[in-house]
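Inspection log for the structure reproduced underneath, given as structure tokens.
Derivation of every value follows stated rules applied to the coordinates shown; laboratory data play no part. Keep in mind the model is a prediction, meaning the values are calculated, not measured. When we count neighbours, we look across all protein chains shown, and the Cβ atoms used for this are built from the backbone with ideal geometry, even at glycine.
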Amino acid sequence: MIEEYECQPKDILCLFGPHIHKCHFEVGKKVAQDFKKQYSNMKEIDQIITYTGMVQEEEKYHIDTTKINENLMLEMGLLKHNIIDSEICTVCHSDNLHSYRAQNKAAGRNTAIMGLREEYDKMG
């Protein structure tokens, strides 16, 4: 949006719809290391990726992808009050939303709708 449409970051609104939240995004050591390497520049990385403990002789970690994405939006120049999290975890609410983590291959898909206000205004 910034490059293609010359939108100003301060004018962009960002809503994180339902998605897996940290409470259920448990991963193994390799995935945690990959995330930590990718986002090592983030100040709060030790709160974003936290050690859970040993599960069946494997180290487990929880990752807060909401916080990662919020930080990325802030780095792009979006205003903090324009970044909104629906606070809906798809695993916690898998009775109403699709979650591969909760439903495996039986899970459907979620979708998102995005648009530019300029285009919306033209529609009436």
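Residues whose amide H falls under 5 Å from that of E59, counting only those 5 or more places apart or on a different chain, are K29, with hydrogens built in the peptide plane. Whole-Hz Karplus values for region 2-17 come out as 5, 6, 6, 10, 6, 5, 8, x, 5, 9, 8, 9, 10, 10, 8, x Hz, taken residue by residue from phi with 6.51 cos²θ - 1.76 cosθ + 1.60 and θ = phi - 60°; glycine and proline positions read x. In a DSSP loop and with at most 16 other Cβ atoms within 10 Å, the GluC sites (Glu not before Pro) in region 1-60 are E6, E44, E57. Residue separation of E44 and L13 scaled by 0.36 nm, minus their Cα-Cα distance, works out to 8.9 nm of gained length. Annotation: amide H of F16 within the under-5 Å range of I84, D85, S86, sequence separation 5 or more or interchain, hydrogens built in the peptide plane. Remark: region 20-25, residue by residue, has Karplus-estimated 3J(HN,Hα) of 5, 9, 3, 4, 10, 8 Hz, where x stands for each Gly or Pro and the curve is 6.51 cos²θ - 1.76 cosθ + 1.60 at θ = phi - 60°.
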